[in-house]
1. Based on the Cβ-Cβ distance of residue 81 and residue 126, what FRET efficiency does E = 1/(1 + (r/R0)^6) give at R0 = 22 Å, to the nearest 0.05?
2. Expressed in whole Å with the largest first, what are the equivalent ellipsoid semi-axes of segment 51-127 derived from the C-alpha gyration tensor as the square root of 5 times each eigenvalue?
3. Can you spot the aspartates and glutamates whose alpha carbon is less than 15 Å from residue 131's alpha carbon? Ignore those fewer than 8 places along the same chain.
4. Placing +1 at every Lys and Arg Cβ and -1 at every Asp and Glu Cβ, with all other atoms neutral, what dipole size does segment 51-127 have around its Cα centre, in debye to the nearest 20?
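Any read-out appearing in this document is the output of simple, stated calculations on the displayed coordinates, not a laboratory observation. Given the structure is predicted, the values throughout are model-derived calculations rather than measurements. Don't worry about glycine lacking a Cβ; one is built from the backbone with ideal geometry, like all the others, and counts go over all protein chains shown.
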Amino acid sequence: MKEIIRICKGCNKLFKKEARKQEYCTKKCCYSHHKDIRRVVHKKGRYLVENAVKRKPFDAPKEFKLELRDFIFELKNKCYFVDAVDSFKLIHYFVELWGIWYFDRLTMEEELHLCLEKCKRYVQNEFKLEKI
């Protein structure tokens, strides 16, 4: 059999090909290369718990604040009845303001109530309202 010299996919060194479909110089090199390929790079995004303290909720643009205010007043007109679309919007506003959404051992209704109360307090403070 003729000796074939190939470049290892993992470490980019030259090696003699011994098997028919050999692409790596050793099994250790193959294993480490596949481990590096599968490794998930954890990006530090705004939805991580570590960034919850760093993010300032008052950095929201003015259009967003007005949109949130209109949403809260619209909910008030509905007697704070939250349907599926409103609950999705409420969670979206909450995450946009504080960058997080995680609660332990609460029902969905309790979580939405907490989101609503926090967003109401934010709107009251932002627009200097006494009551909504």
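1. 0.40
2. Details: eigenvalues 68, 61, 18 Å².
Taking √(5λ) for each eigenvalue gives 18, 17, 10 Å, largest first.
3. 70, 74, 117
4. Here segment 51-127 has a charge dipole of around 340 debye.
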